[in-house]
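The values are calculated or read from the model by the stated rules, or taken from the named source; none is laboratory data. Keep in mind that this is a model prediction, so the values were computed, not measured. In this analysis, Cβ positions are derived from the backbone assuming ideal geometry, glycine residues included, and neighbour counts consider all displayed protein chains.
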Amino acid sequence: MERSLRSSKWFGRTGKDGFIYRAWTKKQGIPDHELEGKPIIGICNTWSELTPCNSHFRELAESVKRGVLEAGGYPMEFPVMSLGETLMKPTAMLYRNLVSMDVEESIRANPLDGVVLLCGCDKTTPALVMGACSVDLPTIVVSGGPMLTGRYKGRQISTSDIWRFSEDYNAGRMSQEEMRVAEAGMCRSDGHCAVMGTASTMACMVEALGLSLPGNAAIPAPDSARRILAHRSGSEIVRMVGEDRRLSEILTRKSFENAIRVNAAVGGSTNFVIHLLAIAGRVGIPLTLEDFDTFSAGVPLLVNLQPSGLHFMEDLYYAGGLEAVMEALGDRLHRDCVTVNGHTIGENCAQAPCYSPDVISTLDKPFNDQSGIVVLKGNLCENGAVIKPSAATPALMRHTGRAVVFESIEEYKVRIDDPTLEVDETSILVLKNVGPRGYPGMPEVGNMGLPPKLLAKGVKDMVRISDGRMSGTGFGTVILHASPEAALGGNFALVKSGDRIELDVARRLLVLHVPGEELERRRKAWEPASPIAERGYVQLYVRHVEQADAGADLDFLKGGSGSEVTRDSH
Ligand code: FES
């Protein structure tokens, strides 16, 4: 290898400094020849027993290591904070930016020439990619893969069914005992949620961006092909270091446009919007909320997966995986975008076969014309809000109704079960103060459950609006990410129960029908809530978090600082 390695600034040194760097590394039994002249590959591991979706990552890391060694590099695994979606309170999203800082500083501070990011549960992917982008070394993503499809009373289930079970339970159609049977059959194997939730969406995103080897998105976690992909990724990162192929070469404006189009075709999560905006902010690619609408347009839903369709990630894999979806998209994608293996997207998916037209359809005969992310504007969300039409009810896409407002998630929980709550199926549920700053952390509560008295009548969906997020596994006519959020005092803060709200998805409109003078009167009377965080990371987050339409990153983390370490204390 001609070019001098970054790690040689540590291990290639003479005198006291080189002595220290090598001596303490050697205590792990690593001989000289492994440290000098070989690319040192960091394996950034989010393994944790508190992140069940990533609990198989120790074994996955071993496969990566074998690939690194085979290609002549030396692997060094390191931990970063892990984010498990199911256990963390108040919400894993509060910590996405913190993990990105951990990742960025861990990579830059250490003698690494290239990095493999082991990502799985929802936030671990954007957090790791964001952090790595701010350093910009050669980097490759290996996703953990989806779980096998669950089973309940003989039928296939996965995470999207939790919402249905919950409604059945609340409506008295399902007992607690049946809930326990269902939960025992839900998570059958290693891996992340088995539908096109946020984790699967993120795995598709990295493959569409060109940050992983082809096939990364859909191979189930327990399939031996997943470990082979990890092994091959370990070898590939060594070649990337040799060719100095960095993230900034792969992440171009065109690769972001590809990711948006692929997300529309697969019916990806609304969380995709926030995470892609944040990643773009780290690499300095100008990307706006409107771009998601613009580049989704004309891309129908090709993939028939829950929550927008019927099937599961395992079925997508057997049908041909994301390569088959990207091949089906033809010239809707920029096929000349370079990926981690040095080949273009077009080359990687050329002639990729589709084995099941019921799972992956075609542009001529799509599974659903409704796809992608629609960006709504209007006086209720001056900076925008989003809706995922493929997961919504067509009859509600144009709807005017009376607002039933909850000022907080706690108030919603207290009032929603009240049989005297003034609400019917034409009402619009509005949930405030669940935005990035107001909650803080922007939890996934936007697809709030319907009032039990309406569920009992058989109501399946209502228009719901919030400044929060929704689980990628969720569905319904749910408007999310209203910006500016209520905590900032925009019009969304001023809506009251009884106001009329108009939604018109075709015209991209979300309008609060309240006279301007009345809004001004309410604005004068509005008072911001007292700050929730007095100290620590949460205080830092609240002070610096940006709005959802900008990616909800911390303002001082935008951009990058490169891989140079400018001070040397030894
Ligand atoms: Fe981890 Fe769904 S809970 S991906």
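A few points about this structure:
- Matching residues, segment 4-49, being outside any loop (DSSP other than H, G, I, E, B), of a type in the set (Lys, Arg) and exposed (fewer than 13 other Cβ atoms within 10 Å of the Cβ): Lys16
- When segment 388-414 is filtered for residues that are surrounded by fewer than 15 Cβ atoms within 10 Å (Cβ to Cβ) and either more than 24 Å from Ala265 (Cβ to Cβ) or of a type in the set (Ser, Thr, Tyr) (or both), the ones remaining, listed by number, are Ala395, Arg398, Thr400, Glu410, Glu411, Lys413, Val414.
- For Gly446, the test of being buried (at least 18 other Cβ atoms within 10 Å of the Cβ) and under 18 Å from Leu494 (Cβ atoms) is failed.
- Residue in segment 161-183 that is within 16 Å of the ligand (Cβ to nearest atom), crowded, with 24+ Cβ neighbours inside 10 Å and not hydroxyl-bearing (Ser, Thr, Tyr) present: no
- Of all positions in segment 219-226, at least one carries a residue that is closer than 28 Å to Ile157 by Cβ, out of contact with any Ser or Thr (no Cβ under 8 Å at 6 or more places or on another chain), away from the ligand (no atom under 16 Å from the Cβ) and outside any helix (DSSP H, G or I).
- The one condition from (1) of a type in the set (A, V, I, L, M); (2) modelled with pLDDT under 95; (3) in a helix (DSSP H, G or I) that Leu519 does not meet is (2).
- Qualifying residues in segment 328-376 (those that are within 24 Å of Ile387 (Cβ to Cβ) and out of contact with any Gly (no Cβ under 8 Å at 6 or more places or on another chain)) - the one surrounded by the fewest Cβ atoms within 10 Å (Cβ to Cβ): Asp369
- Taken over segment 124-147, residues that are out of contact with any Cys (no Cβ under 9 Å at 6 or more places or on another chain) and away from the ligand (no atom under 14 Å from the Cβ) amount to 8.
- Once segment 458-478 is narrowed to residues that are under 18 Å from His399 (Cβ atoms), part of a loop (DSSP other than H, G, I, E, B) and charged (D, E, K, R), the residue that is farthest from the chain's Cα centre (by Cα) is Lys460.
- Verdict on Ala529 being closer than 19 Å to Ile479 by Cα, of a type outside the set (Val, Ile, Thr) and part of a loop (DSSP other than H, G, I, E, B): no
- First in segment 478-492 and farther than 15 Å from Pro440 by Cα and modelled with pLDDT of 95 or more, second anywhere and small (Gly, Ala, Ser) and outside any strand (DSSP E or B), Cβ under 6 Å, 6 or more apart: Val478/Gly446; Leu480/Gly446; Phe492/Ala486
- Cβ-Cβ distances below 8 Å connect the following pairs, each with a first residue in segment 208-221 that is over 14 Å from Met326 (Cα atoms), a second residue that is of a type in the set (Asp, Glu) and modelled with pLDDT of 95 or more, and a separation of six or more residues or different chains: Pro220/Glu314; Ala221/Asp190.
- Test: residue in segment 393-407 that is touching a Ser or Thr at 6+ places or on another chain (Cβ under 8 Å), assigned to a helix (DSSP H, G or I), among the small types (Gly, Ala, Ser) and in contact (Cβ under 8 Å) with a residue 40 or more places away in the chain: no
Conditions (1) under 15 Å from the mean Cα position of the chain (by Cα); (2) under 28 Å from Asp113 (Cα atoms), marked per residue:
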residue	(1), (2)
Gly144	yes, yes
Asn170	no, no
Thr198	yes, no
Met205	yes, yes
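- If the condition is being aliphatic (A, V, I, L, M) and over 23 Å from Gly120 (Cα atoms), then segment 9-53 contributes Ile20, Ala23, Ile30, Leu35, Ile40.
- Out of Thr91, Thr124, Thr86, sole residue that is among the β-branched types (Val, Ile, Thr), without any contact (Cβ under 8 Å) to a residue 40 or more places away in the chain and either at positive phi or out of contact with any strand residue (DSSP E or B) (no Cβ under 6 Å at 6 or more places or on another chain) (or both): Thr86
- Of all the listed residues (Ser189, Ser158), the sole one being within 16 Å of the ligand (Cβ to nearest atom), among the polar types (S, T, N, Q), surrounded by fewer than 19 Cβ atoms within 10 Å (Cβ to Cβ) and under 23 Å from Asn304 (Cα atoms) is Ser189.
- Scanning segment 124-154 for residues that are surrounded by fewer than 24 Cβ atoms within 10 Å (Cβ to Cβ) and within 18 Å of Asn216 (Cβ to Cβ) yields one hit, Leu148.
- Note on segment 426-445: residues that are assigned to a loop (DSSP other than H, G, I, E, B) and either at positive phi or within 16 Å of the ligand (Cβ to nearest atom) (or both) total 5.
- Of everything listed in (1) touching a residue at least 12 places away in the same chain (Cβ under 8 Å); (2) under 19 Å from Glu62 (Cα atoms), the single unmet condition for Thr198 is (2).
- Residues within segment 375-391 that are modelled with pLDDT under 95 and of a type outside the set (Lys, Arg), tallied: 3
- Taken over segment 37-70, the criterion of being of a type in the set (Gly, Ala, Ser) and away from the ligand (no atom under 15 Å from the Cβ) is satisfied by Gly37, Gly42, Ala61, Ser63, Gly67.
- Lone unmet requirement of (1) part of a loop (DSSP other than H, G, I, E, B); (2) within 27 Å of Val266 (Cβ to Cβ) for His481: (1)
- The single residue among Gly191, Gly210, Gly197 that is more than 19 Å from Gly472 (Cα to Cα) and not β-branched (Val, Ile, Thr) turns out to be Gly210.
- Looking only at segment 69-105, and only at residues there that are over 20 Å from Asp136 (Cα atoms) and of a type in the set (D, E, K, R), the one that is nearest to the chain's Cα centre (by Cα): Glu85
- Picking from residues in segment 71-123 that are away from the ligand (no atom under 16 Å from the Cβ) and acidic (Asp, Glu), the one that is surrounded by the most Cβ atoms within 10 Å (Cβ to Cβ) is Asp113.
- Taking the criterion of being surrounded by 24 or more Cβ atoms within 10 Å (Cβ to Cβ) and in a helix (DSSP H, G or I), the residues of segment 290-313 that qualify are Phe292, Met313.
- Residues of segment 408-425 classified as under 29 Å from Lys123 (Cβ atoms) and assigned to a loop (DSSP other than H, G, I, E, B), total: 2
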